[in-house]
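I have placed the structure first, in the form of C-alpha cells, so that the comments after it can refer back to it.
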Amino acid sequence: MQNEELRTAQAEIEAGRARYFDLYDLAPVGYCTLSEKGVIVEANLTAATLLGTNRSALIKQPISRFILKEDQDIYYLHRKQLFEVGGPQECELRLVKPDGTHFWAHLTVIAAQAEDGATVCRVVLSDITERRRAEEELRHLRNYLSNIIDSMPSVLVGVDAEAKITLWNKTAEKNTGVVGAHAQGYLLSHIFPRLAPEMKKITESIRSREIIHHRKRTCVSERGPRYEDVTIYPLTGERVEGAVIRIDDVTEQVRLEEMMVQAEKMLSIGGFAAGMAHEINNPLAGIMQTANVMADRLTNENMPANLKAAREAGVSMAAIRNFMEARGIPRMLKTIRKSGLRAAEIVSNMLGFARKSEAQVSFHDLSDLIDKTLDLAATDYDIIKQYDFKSIEIRREFEDGLPPVSCEGAKIQQVLLNIFRNGAEAMQTAGTGKPIFIVRTEFDKERKMVCMEIEDNGPGMDEAICKRVFEPFYTTKPVGEGTGLGLSVSYFIITENYGGKIAVESQPGKGTKFVIRLPLKSTNDELSTVNADLLPKNEAAANGTLPSKNRGDNP
Ligand SMILES: Nc1ncnc2c1ncn2[C@@H]1O[C@H](COP(=O)(O)OP(=O)(O)OP(=O)(O)O)[C@@H](O)[C@H]1O
Ligand SMILES: [Mg+2]
C-alpha cells in the first residue's frame, strides 16, 4: 500500500513536471528571472530560442549582453522605473542574438522575491518584429501620403460627416495661416470662413455622394480680388463619411482668358475699322476736293475761267463775293474743310489699325525715344496750350545698357505721346497736387523684350474703364473733345506692328501705369504676310493720305 502511494505520488510529480515543462518551457513567450543586478538566473526554452542560443548559455549572463547597444538606455531607465514604481513595467527594445542579428522584443517585467528572500525580476519577452515592421510600413505609408498631399499646390481639406476638419495640407496652412494641429477637429466654417458659403454644397455632396464643382468663384484676399475653383469630392469608401475639398487659385488663368478674349476682340474690331476707314477714304476725299474746287470757283477773282463765266452770266465777281459774304458761304466752306480734315484724321488713325509692312525700321534706344517724346510734349504747342506739361515732374528710372530695339521711331513716339497726353490731361482735369510721371525702362532677358513703364499719380481708373481703354472710340471725354482713338492706335502699333504687348494697371485714386514690352527684333515682316488681307489695297490710303486722283480739279 505504501509502495502503491509512493508510485502514485511519483506519477503525480512526473505529471506535474511534464505540465510544468509544457507550461513554462514551451510557453509561446519567453520567461526569464533576473537577479537584482540583472543577471539571468533562470530562463525557459522559448526565451533561449528567441535569443538564438541554448538555455545553459543564458544562465549567469547579464541580460544587458543581449540588448542592442543603442537600446541599452531604454533598458536601464526601465529597470530604474521598475524599482521605483513597483508595479509591472513594459518596454520595447532590440535584442541581439549571438550571431549578431537582432530583433524587436516586447518586455513585461515585475519585481518579485525569490525563495531565499532576494529581490528578482521576472521578465516576459515576446518577439514583436512583425508588428514593428507593419507599424514601420504604416508610418512610411502615412508619411508618403502626407508628403503627396502636402506637396499639392491645391488647398486640400478633409472633413467628416459633421464638417469637422480631418485633413489639412500645407497649402491650406499657407492660405489660412492656421497650422494643421490647430485646425484638426474644428468646424470647417470656423477655421476657413471663406468656405462658409459652400457648407450647403459640402453637406449635399456627402449625402448624394456626388462630386460638386464651383468654378471661378470670386473671393477677396489680402492680395485683392481673386478667382478660385472649389471642388468637393465625397468619400465613397465603406463606413467612411465625409469629403475632401480642393481649392485652386485660378486668378491668373481667368486673367489670361480675359486677355485673350480682349485681344481677339481688338483684332476683329481693328480689321473692321481699317476696312471701314478704307471705304470712307475715297468718298471723303471726293467731298474734300469738291469743297476745295467749289471754294476756288466761287471766290478766286483772278482765275480766268471764273471771270469768263461771270461775264457771260452778266454778274461781276465783286457782286458774287458780296452775295456770298452776306449769306455766310465762305464760313460754311471753311467749316466743310475743317470737318473734313477732322474726319480724315480719324480715318487715317483707323487705317493704322491694319498691319503694315512698309515701315522705316531702324534700331532705337527706347530710353532715348522717351526723352525725345518728353521734349516734344513740353514744346508741343497744342499741349502747352491745354496743359502745363512743364509743371509735371519727370522721374527717370532708366536701365543702363539697354539693347537697341528694331522699330520705327516715329511710331513708338506716337504711342508714348498718346500716353503722356492722356496722363497730363487726366492729372490736369483731376487737379492732381504734385503731378508726376515716372518713366522706367528695363530689359527682360528671359523674354528678350525691352519694357517701358509710364506711371502717373493722376486720378486712375476703375476696372470697367481699364478693360475698355484700348477699344477704338472708347473715351470718357465730352463729345468733340476726345475721339477715343489715342490708345487704340497705340495698341495696334505695339501689338500688331511690332508683336509687342501693352497693358494698363490702374485703380481709382492710385494713378495709372502703362506697361509696354517690345521684342528686340520686330516681328513685322512675318506679321504682314500673315495678315496681308487686312492691308488697304491702295498704298496711299495705307499711309493715311487721301488719294490724289480727285485733287487739283482746276480747269
Ligand atoms: N493716364 C490716365 N489716367 C486716367 N484715365 C486715363 C488715362 N489714360 C487714358 N485714360 C482713359 O482712357 C480713355 C481712352 O483714352 P484714349 O487716349 O484712347 O482716348 P481719349 O484720350 O479719350 O481721346 P483721344 O486720345 O482720341 O483724344 C480716356 O478717355 C480716359 O478716360
Ligand atoms: Mg488720348
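The values are calculated or read from the model by the stated rules, or taken from the named source; none is laboratory data. Remember, predicted model here, so these are calculated numbers, not experimental data. All Cβ positions, even for glycine, are placed from backbone atoms using ideal geometry, and neighbour counts span all protein chains on display. Protein only, heavy atoms only, side chains kept; ligands, DNA and RNA dropped before computing areas. Shrake-Rupley method; radii C 1.70, N 1.55, O 1.52, S 1.80 Å.
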Subject >> Dipole of the chain, positive direction: furthest Cα of Thr495, Phe103, Asn175, with charges on the beta-carbon >> reply: Thr495
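Could you compute the FRET efficiency for Phe83 and Lys60, with r as their C-beta to C-beta distance and R0 at 25 Å, rounded to 0.05?
0.70
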**OP:** At 7 Å along the Cα-to-beta-carbon direction for both Arg19 and Arg395, put a label point, then send me their distance in nm to one decimal.
**Re:** 9.9
**OP:** State the Cα centre-to-centre distance between the range 501-523 and the range 424-478 in whole Å.
**Re:** 7
Original post:
Which value, in debye to the nearest 20, gives the size of the charge dipole of the range 259-351 about its Cα centre, when Lys and Arg are +1 and Asp and Glu are -1 at the Cβ?
Top reply: 360
Original post:
At a Förster distance of 30 Å, what's the computed FRET efficiency of Thr108 paired with Glu241, Cβ-Cβ distance as r, to 0.05?
Top reply: 0.15
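Share of the chain's accessible area from carbon and sulfur, percent, 1.4 Å?
Roughly 54 percent, rounded to a whole number.
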**OP:** Enumerate the lysines that Lys37 could reach by cross-link, defined here as Cα to Cα under 20 Å, with residues fewer than 8 away along the same chain left out.
**Re:** Lys60, Lys69, Lys80
Subject >> Under 17 Å from Lys265, Cα to Cα: lysines that are on another chain or at least 8 residues apart >> reply: Lys467, Lys501
Original post:
For the range 362-530, what proportion of DSSP beta bridges, expressed in % and rounded to the nearest 5, is antiparallel?
Top reply: 85
Original post:
Length gain on complete extension for the stretch Arg321 to Glu210, per 0.36 nm per residue less the alpha carbon to alpha carbon distance?
Top reply: 31.1 nm
**OP:** Describe numerically, in nm with one decimal, the distance between label points set 7 Å from Cα along Cα→Cβ at Glu505 and at Gln2.
**Re:** 11.6
Original post:
Under unit Cβ charges (Lys, Arg +1; Asp, Glu -1), what dipole magnitude, rounded to 20 debye, does the chain have relative to its Cα centre?
Top reply: 2280
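Give the calculated FRET efficiency between Thr475 and Asn143 to the nearest 0.05, with a Förster radius of 56 Å applied to their Cβ-Cβ distance.
Efficiency for this residue pair is about 0.35.
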Subject >> Radius 14 Å from Cβ of Thr53, net charge of other residues (Lys, Arg +1; Asp, Glu -1) >> reply: +3
Original post:
Which distance in nm do the two modelled labels at Leu298 and Glu36 give, with both placed 7 Å along the Cα-to-Cβ direction?
Top reply: 13.6
Subject >> Burial order of peptide ranges 17-26, 452-461 (average beta-carbon count within 10 Å, highest first) >> reply: 452-461, 17-26
Subject >> Most positive-pole-ward Cα, Leu298, Ala319, Gly340, against dipole of the range 259-351 from beta carbon charges >> reply: Ala319
**OP:** Could you give me the percent of Cα pairs per 10 Å distance bin for the range 369-488, shortest bin first, beginning at zero and ending with the bin that holds the maximum distance?
**Re:** 12, 41, 36, 10, 1
Original post:
Among bridges DSSP assigns within the chain, what percent are antiparallel (round to 5)?
Top reply: 95
Original post:
Relative to the Cα centre, what is the charge dipole magnitude of the range 1-104, using +1 at the beta carbon of each Lys and Arg, -1 at the beta carbon of each Asp and Glu, and rounding to the nearest 20 debye?
Top reply: 400
Subject >> Extended-chain gain in nm, criterion 0.36 nm per residue less alpha-carbon gap, Thr429 and Glu136 >> reply: 98.2 nm
Original post:
Expressed as a rounded percentage, what relative contact order does the range 259-351 have, with Cα pairs under 8 Å and six or more residues apart?
Top reply: 47
**OP:** List the relative contact order of the chain as a percent without decimals, with contacts defined as Cα pairs under 8 Å and 6+ residues apart.
**Re:** 9
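What is the range 26-67's relative contact order, in percent, from Cα pairs under 8 angstrom and six or more apart in sequence? Numbers along the way, then the final one.
On the way: 61 pairs, mean separation 15.3, N = 42.
Relative contact order comes out at 36 percent.
Of the peptides 218-229, 189-200, how do they stack up when ordered by the mean number of other Cβ atoms within 10 Å, highest first? Spell out each step's value before the answer.
Details: 218-229: 12.3, 189-200: 15.8.
For the peptides 218-229, 189-200, the packing ranking is 189-200, 218-229.
Set the bar at 25 Å for Cα to Cα. Now go through Lys411/Lys448; Lys390/Lys448; Lys216/Lys445 and name every pair that lies beyond it.
Lys390/Lys448; Lys216/Lys445
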